[in-house]
Structures are given as structure tokens and as C-alpha cells.
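Peer 1: Can you keep this structure in mind? I'll have questions shortly.
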Amino acid sequence: MKVNLKRVNNAFHYEAFTEDKIKVNIDANPSIGGEGKGTRPMELLLMGVAGCASIDLGLILKKQKLELLDYNVEITAERNENVAKNFKSINLHFILFGNLDDNKVARAIELTLTKYCSVALSLDKEIEITSTYELK
């Protein structure tokens with residue numbers, strides 16, 4: 001895996017490209033000179049956790065032969081008050097639509113976050129990762 005990042009301007013706007021040439025705009029918080037031209041790095045990390053967990057959860061539910069009609073995940077995080085302001089905790093709230101078995105969904109979410117989601121498993125063990133869900 002390889003990503004290329006290039007500077008776009010003299011502020012903090014960058015473009016990152018995947019090996020498949022997919023572009024992501026990255027920028028800093030306006031409080032330090034960002035211009036709102038891209039996603040902030042810590043937001044990207046949360047998106048990565050949510051995306052990875054969503055893919056793995058979808059695969060597990062498919063193997064369980066559960067019909068997922070629609071899906072949403074809301075991810076919230078709390079940051080430490082240190083110099084780095086790294087994450088203290090992350091919560092993923094899964095909202096699943098369909099005729100789903102509550103016990104199977106709960107187990108699938110547990111497996112997703114403890115065994116399969118490579119992004120979540122790559123984070124510092126000091127970060128508390130929790131989940132909640134609702135079936136509709």
C-alpha cells in the first residue's frame with residue numbers, strides 16, 4: 001500500500017492520492033491557518049475507522065445471510081487535553097435497517113471491532129473504542 005501527499009498552497013492544504021489515483025483533500029483547522037479546503041487529519045482517521053468497521057460488519061452480516069436494507073454509522077470521539085490532543089475514546093453508533101437478528105448483529109459488531117477491523121486494531125490500545133447500535 002502506498003499513498004502520495006502533495007502540498008497545494010502555502011497554507012495547510014494538501015492532496016493525497018491512493019495508488020488508484022483517488023484524491024482526498026486535507027486541510028488544517030482554521031484556528032491554525034487552515035482554509036476549509038479539505039478534511040482534517042483526525043476526521044480522516046475517524047472516517048477510516050467507520051469505513052473499515054462498516055465493510056467488515058457488512059461482510060459478517062452477509063455471511064450470516066442477514067438482509068441489510070440500509071446502514072449508517074455515527075462516529076464520535078473525545079480527545080485528550082495534552083499537546084498532541086490524541087484520541088481518548090471513540091464510539092461507533094451503528095444504525096441498521098432490515099429484518100435483522102439482534103443477537104447476531106451484536107456478535108457481528110463485537111467481531112468487527114475486536115478481530116477484523118484493521119484500522120481499529122491499528123490504533124493505540126489506550127484509546128477506548130466502544131460501540132452502540134440500533135435496529136430499525
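The values are calculated or read from the model by the stated rules, or taken from the named source; none is laboratory data. Everything numeric here is computed off the predicted structure, so don't read it as measured data. Reconstructed Cβ throughout: ideal geometry from the backbone, glycine too, with neighbour counts over all protein chains shown.
Peer 1: In the range 9-25, which residues are of a type in the set (A, V, I, L, M, F, W, C) and under 16 Å from Gly36 (Cα atoms)?
Peer 2: Of everything in the range 9-25, those that are of a type in the set (A, V, I, L, M, F, W, C) and under 16 Å from Gly36 (Cα atoms) turn out to be Ala11, Phe12, Ala16, Val24.
Peer 1: Return yes or no: is Asn86 of a type outside the set (Ser, Thr, Tyr) and modelled with pLDDT under 95?
Peer 2: It is false that Asn86 is of a type outside the set (Ser, Thr, Tyr) and modelled with pLDDT under 95.
Peer 1: For Ala28, all conditions in the list (1) out of contact with any strand residue (DSSP E or B) (no Cβ under 6 Å at 6 or more places or on another chain); (2) assigned by TED's automatic domain parsing to the domain that holds Leu111; (3) surrounded by 14 or more Cβ atoms within 10 Å (Cβ to Cβ) hold save one; what is the number of the exception?
Peer 2: Ala28 satisfies all of (1) out of contact with any strand residue (DSSP E or B) (no Cβ under 6 Å at 6 or more places or on another chain); (2) assigned by TED's automatic domain parsing to the domain that holds Leu111; (3) surrounded by 14 or more Cβ atoms within 10 Å (Cβ to Cβ) except (2).
Peer 1: Can you find a residue in the range 101-108 that is surrounded by 15 or more Cβ atoms within 10 Å (Cβ to Cβ) and under 27 Å from Met1 (Cβ atoms)?
Peer 2: Yes.
Peer 1: Let me ask another. If a residue has to be in a strand (DSSP E or B) and either over 13 Å from Ile127 (Cβ atoms) or of a type outside the set (S, T, N, Q) (or both) to count, how many in the range 77-98 make the cut?
Peer 2: Adding up the residues that qualify gives 12.
Peer 1: Which condition from (1) loosely packed, with under 12 Cβ neighbours inside 10 Å; (2) under 25 Å from Leu135 (Cα atoms) is the one that Ile90 breaks?
Peer 2: Looking at each condition in turn, Ile90 falls short on (1).
Peer 1: Further question on the same structure: Output the residue which, of all residues in the range 90-136 that are modelled with pLDDT of 95 or more, touching a Leu at 6+ places or on another chain (Cβ under 9 Å) and among the polar types (S, T, N, Q), is farthest from Asn80 (Cα to Cα).
Peer 2: Checked the range 90-136; the qualifying residue farthest from Asn80 (Cα to Cα) is Thr112.
Peer 1: If you scan the range 46-61, which residues turn out to be within 17 Å of Asp124 (Cα to Cα) and out of contact with any helix residue (DSSP H, G or I) (no Cβ under 7 Å at 6 or more places or on another chain)?
Peer 2: Correct list: Leu46, Met47, Ala50.
Peer 1: Something else about it: In the range 111-136, what residues are closer than 22 Å to Lys63 by Cα and not in a helix (DSSP H, G or I)?
Peer 2: Listed by number, the residues that qualify are Cys117, Ser131, Thr132, Tyr133, Glu134, Leu135, Lys136.
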